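Visitor: Supplied in structure tokens, the structure appears directly below.
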Amino acid sequence: MPRRDNLARLRSVGPRVSSSPEKPFLHGWQWGFQGKTVWDYLQLFLLPTVFVLGIIYLTMQANRRQEQAFLEQQQLVEEQYQQDILQSYFGDIATAMTQNLRTSPPDSPLKSVTKTKTLAILRELDGDRKGRVLQFLHDSNLIGTPNPVINLGRADLRNAVLNNATLNAAMLNGADFSDANLKFVNLGNSNLNGALLQNADLEQAFLGNAIAWGGYLRNANLNNADLTGADLRFAILSDASLRGAKLNNTVLSGAILENADLRNANLQGTSLDGAFLCNTTMPDGSIENRDCSK
């Protein structure tokens, strides 16, 4: 009996095993998120992100404004440079004319230097100022046919703005008028032999009795242009548009008219017998492929 009492006592003071599982040792650790709402999380993570993105956006905008200001400043500098060299050139020509530029021999140093200056400045100027130089030279009777004071062979007149200009009887053989604006220009009786007029806009231009042997007029716009009596022997007119053009008594022997558009053009007195026709749209709208196999 005493032995059983001792065992009972030992059991009463011994370790007890809980019937419920032990809680993790981190239970009760306060992470700081209790009671937080979705809006609290948005404030915690989204607002700083928006702030950073806002800073980035404002920085980019400031950089754009700075870049734009720089470009505008560069443009002003370039404009001033172009204007300065243009005025300097006009002054040089005026001085040369007082030194008998017109009457000096063709191989004189004065004429040679003047030509060199002219060709050099045309390479520097933009399209609008190129047009002003050419009109100035014409008005000063320095580029007239048949013996110009200043020879503009190989002159860089690309992108020149010459719409409505008067350049009749001008010696422009070999000049480069690629992509030039020549709308309504008067080039009557001018010499354009070997001139480059690719992509030039000659809409409603007057080229009556002009000479353009071997002229390169690929993809030129000659819509409603007047080429009455012009000599276009061996000219390249591929892909050119001559809709409504006046081609009365125009010489087209050896001219290339491949893919050219002659719809509604006036060909009275003009022969196409010696021209090259392939996929050429004729005045009546028909397609002529006479020479495609050649």
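Visitor: For the ranges 47-60, 189-202, 268-281, what's the packing order if you count other beta-carbon atoms within 10 Å of each residue, average per peptide, and put the highest first?
Guide: Highest mean packing first, the order is 189-202, 268-281, 47-60.
Visitor: If you line up the long axis of helix 127-139 against the longest principal axis of the chain, both from Cα atoms, how many degrees apart are they, to the nearest 10?
Guide: Long axis of 127-139 versus the principal axis of the chain: about 10 degrees.
Visitor: Kirkwood Rh over alpha-carbon pairs of region 97-215, then Stokes-Einstein at 10 °C and 1.306 mPa s: what D in µm² s⁻¹, rounded to an integer?
Guide: Estimated diffusion coefficient is 113 µm²/s.
Visitor: Something else about it: What is region 74-146's relative contact order, in percent, from Cα pairs under 8 angstrom and six or more apart in sequence?
Guide: The value is 32 percent.
Visitor: Taking the Cβ of each residue in Val149, Val77, Val185 as the centre, tally the other Cβ atoms inside 10 Å and list the residues starting with the fewest.
Guide: Sorted ascending by nearby Cβ count, the order is Val77, Val149, Val185.
Visitor: When you count, for each residue, the other Cβ atoms within 10 Å and take the mean per peptide, how do 249-255, 88-94 rank with the highest first?
Guide: Top of the packing list down: 249-255, 88-94.
Visitor: Write down the Å³ per residue value for the convex hull defined by the alpha carbon atoms of region 141-294.
Guide: Normalising the Cα hull of region 141-294 by residue number yields 84 Å³.
Visitor: Give me D for the chain in µm² s⁻¹, whole number, from Stokes-Einstein with Rh from the Kirkwood sum over alpha-carbon pairs, 25 °C and 0.890 mPa s.
Guide: 98
Visitor: Taking the 0 to 90 degree range and rounding to the nearest ten, how far is the long axis of helix 2-13 tilted relative to the main principal axis of the chain, both from C-alpha atoms?
Guide: It works out to around 30 degrees.
Visitor: Quick one: angle between helix 38-98 and the longest Cα principal axis of the chain, in degrees between 0 and 90, rounded to 10, please.
Guide: Here the helix axis deviates by roughly 20 degrees.
Visitor: Sticking with this one: Ranked from highest to lowest mean number of other Cβ atoms within 10 Å per residue, what is the order of the peptides 169-181, 115-127?
Guide: Highest mean packing first, the order is 169-181, 115-127.
Quick note: the coordinates plus some simple rules give every number you see, no bench work behind them. Quick caveat, the model's predicted, so the values are computed rather than measured. Please note: Cβ atoms are built from the backbone with ideal geometry, for glycine as well, and neighbour counts cover all protein chains shown.
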